[in-house]
Amino acid sequence: MTAIIDYGAGNLRSVEKALTHIGCSCRVVRTGSQLLEAERAVLPGVGAFGEAMGGLEAQGLVPAIAEFAASGRPFLGICLGLQVLFESSEESPGVKGLGLLKGRVLRLPRESGLKIPHVGWNSLTVDRPGWLLEGLEPEPYVYFVHSYYLQAGEDVVSARAAYGADIHAAVEKGNLAACQFHPEKSGETGLGILRNFARKAKGGA
């Protein structure tokens with residue numbers, strides 16, 4: 001069973017619908033004990049970094065997520081769910097993220113003249129497919145909705161996108177993976193990514 005973590009940040013139903021469509025059994029969970037019963041987990045979300053961390057802390061999910069990640073079970077962050085895996089965000093100065101991966105989240109530069117938030121389809125440059133992006137077409141197109149972007153350690157970056165900045169669009173380290181874009185809204189490419197996640201076993205390649 002795949003846990004979809006509900007911490008008040010929305011975007012649950014589209015993720016649940018996409019996972020159900022590919023035949024992946026899933027359940028929305030709201031407590032640490034429910035999360036720790038699952039085989040794999042998804043942390044979705046849209047909204048503000050500080051509010052997201054406040055929701056996770058209020059529901060006692062922070063230690064449970066850390067325990068789940070350390071267990072080797074597959075864990076996928078999506079959009080805001082990617083951002084909170086890291087250490088900090090310019091959106092919410094002084095608020096600490098989960099810190100499971102090293103990096104920080106920055107505001108997309110307005111000097112680029114591009115429309116912010118970044119909403120729409122963008123191609124990816126896949127640096128290393130890993131288990132999450134395995135089998136995708138060259139320079140796959142995926143769907144973004146965001147105003148902030150990740151800059152992480154090069155050792156975890158699996159794909160990039162260009163939109164006024166070098167966006168670290170997907171990351172992977174061991175059983176942890178995350179994407180700034182929305183696979184559940186990215187057509188067949190996104191469904192392929194979710195299938196890779198659904199096939200990932202604890203400790204597997």
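Quick notes on this one:
- Spin-label model distance (nm) - TRP121 vs ARG107, 7 Å beyond Cα toward Cβ: 3.1 nm
- Label-point separation in nm, LEU191 to VAL95, each point 7 Å along Cα→Cβ: 3.5 nm
- Over the chain: Kirkwood hydrodynamic radius from C-alpha pairwise inverse distances, Å: 16.6 Å
- Portion, in percent, of the accessible area of the range 1-99 that falls on carbon or sulfur, probe 1.4 Å: 50 percent
- Label zone at GLU134 (point 7 Å along Cα-to-Cβ), backbone N below 18 Å, the range 171-194: 171-179, 189-194
- Calculated P(r) tail over 17 Å for the range 1-51, as whole % of Cα pairs: 32 percent
- Accessible area in square angstrom per residue, the chain, 1.4 angstrom probe: 42 Å²
- Entries of LYS115/LYS185; LYS96/LYS173; LYS115/LYS173; LYS17/LYS200; LYS173/LYS202; LYS102/LYS202 with Cα pairs more than 24 Å apart: LYS115/LYS173
The values are calculated or read from the model by the stated rules, or taken from the named source; none is laboratory data. None of these values were measured; they are calculated from a predicted model. Note that each Cβ is placed from the backbone with ideal geometry, even for glycine, and that neighbours are counted across all protein chains shown. Note: areas computed on protein heavy atoms with side chains; ligands, DNA, RNA excluded. Shrake-Rupley method; radii C 1.70, N 1.55, O 1.52, S 1.80 Å.
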